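Visitor: Dropping a structure here in structure tokens format, bear with me for questions.
The values are calculated or read from the model by the stated rules, or taken from the named source; none is laboratory data. Just so it is clear, the structure is predicted and the values come from calculations on it, not from any experiment. Using ideal geometry, Cβ is built from the backbone for each residue, glycine included, and neighbour counts are taken over all protein chains shown. Accessible surface areas use protein heavy atoms only, side chains included; no ligands, DNA or RNA. Shrake-Rupley method; radii C 1.70, N 1.55, O 1.52, S 1.80 Å.
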Amino acid sequence: MPHAVSRLRAARLARSTKPFLARGGFKRERCAGCRLVPSHCLCALRPSAPTRAGICLLMADIEPLKPSNTGWLVADVVADTFAFGWARTETDPALLALLRDPQWHPYVVFPGEYAAPGRVVHGALPPDPLRDATQGATPQRPLFILLDGTWAEARKMFGRSPWLDHLPVLSLEPEQRSQYQLRRSRRDDHFCTSEVAAMCLGLAGEHVAAQTLAAYLDVFTHHYLQARNQLPVAWDGAAHQRLREVAAVR
């Protein structure tokens, strides 16, 4: 069954008037399941990890069409992944309904320097507001809202989405630098969507899911770069071995 990012991609393609050509990417036939060329297909390695936490991807217009987009990997691993296209003039009613759903406690994941201090949660999740409520109350599940696009697009989404203004802002404080190799960034503190999702899952105590997603990103990166350079997949390499080890933990 297609996941949320796959469905959003299909809907975006249906609105396109001409084929989307990825900048700098290979122009050969691609697998519909993983967006790689068939010789480097990743579908047989797709992992999954059960989580209480959910991920909501708010995606810039053409982001679902980019083969290098890693929100797709998040949706592969985390069953409760939701994906919506962003537009300044309109908001998907299903997104607003999701944010009102009482089972979720939403957090907008964005650097705290861009938000009012009273909204910012620094590097750790606060105690669940329902955990100490009356007996029998069901604790809310964390829902991490990731702004998926270029840095300029993400800043625009954050600043021009008034329906996000009442939500707490989770400001991550990573100790490592981004390892993402498929797009260039001028700053080492800019992480790809999959890396950010893995950090959020770790904060929520979903350590197996976080490790699975990180290992899956490494494998995807290897397959993508090998295909770009017309080289074979190293099936016994370090990336694949790590993914197998994480899968064995479950």
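Visitor: Criterion first (part of a strand (DSSP E or B), over 26 Å from R9 (Cβ atoms) and touching a residue at least 40 places away in the same chain (Cβ under 8 Å)) does V121 satisfy it?
Guide: For V121, the condition - part of a strand (DSSP E or B), over 26 Å from R9 (Cβ atoms) and touching a residue at least 40 places away in the same chain (Cβ under 8 Å) - is met.
Visitor: Can you list residue pairs whose Cβ atoms sit under 8 Å apart, with the first residue in the stretch 38-54 being open to solvent by 50 Å² or more (accessible area, probe 1.4 Å) and the second being of a type in the set (D, E) and in a helix (DSSP H, G or I)? Count only pairs 6 or more apart in sequence or on different chains.
Guide: R46/D76; S48/D76
Visitor: If I go through the stretch 193-218 residue by residue, how many of them are of a type outside the set (G, A, S), out of contact with any Gly (no Cβ under 9 Å at 6 or more places or on another chain) and within 20 Å of V5 (Cβ to Cβ)?
Guide: Counting residues in the stretch 193-218 that are of a type outside the set (G, A, S), out of contact with any Gly (no Cβ under 9 Å at 6 or more places or on another chain) and within 20 Å of V5 (Cβ to Cβ) gives 11.
Visitor: I want to confirm something. Restricting to the stretch 71-91 and keeping residues that are part of a loop (DSSP other than H, G, I, E, B) and at pLDDT 95 or above, which single residue is surrounded by the most Cβ atoms within 10 Å (Cβ to Cβ)?
Guide: This residue is V78.
Visitor: Checking the condition in a helix (DSSP H, G or I), at pLDDT below 95 and either acidic (D, E) or open to solvent by 20 Å² or more (accessible area, probe 1.4 Å) (or both), which residue from A214, A227, A247 passes?
Guide: Exactly one of A214, A227, A247 is in a helix (DSSP H, G or I), at pLDDT below 95 and either acidic (D, E) or open to solvent by 20 Å² or more (accessible area, probe 1.4 Å) (or both), namely A247.
Visitor: Examine the stretch 152-173 for a residue that is small (G, A, S), surrounded by 13 or more Cβ atoms within 10 Å (Cβ to Cβ), at pLDDT below 95 and outside any helix (DSSP H, G or I), and state whether such a residue exists.
Guide: Yes, the stretch 152-173 contains at least one residue that is small (G, A, S), surrounded by 13 or more Cβ atoms within 10 Å (Cβ to Cβ), at pLDDT below 95 and outside any helix (DSSP H, G or I).
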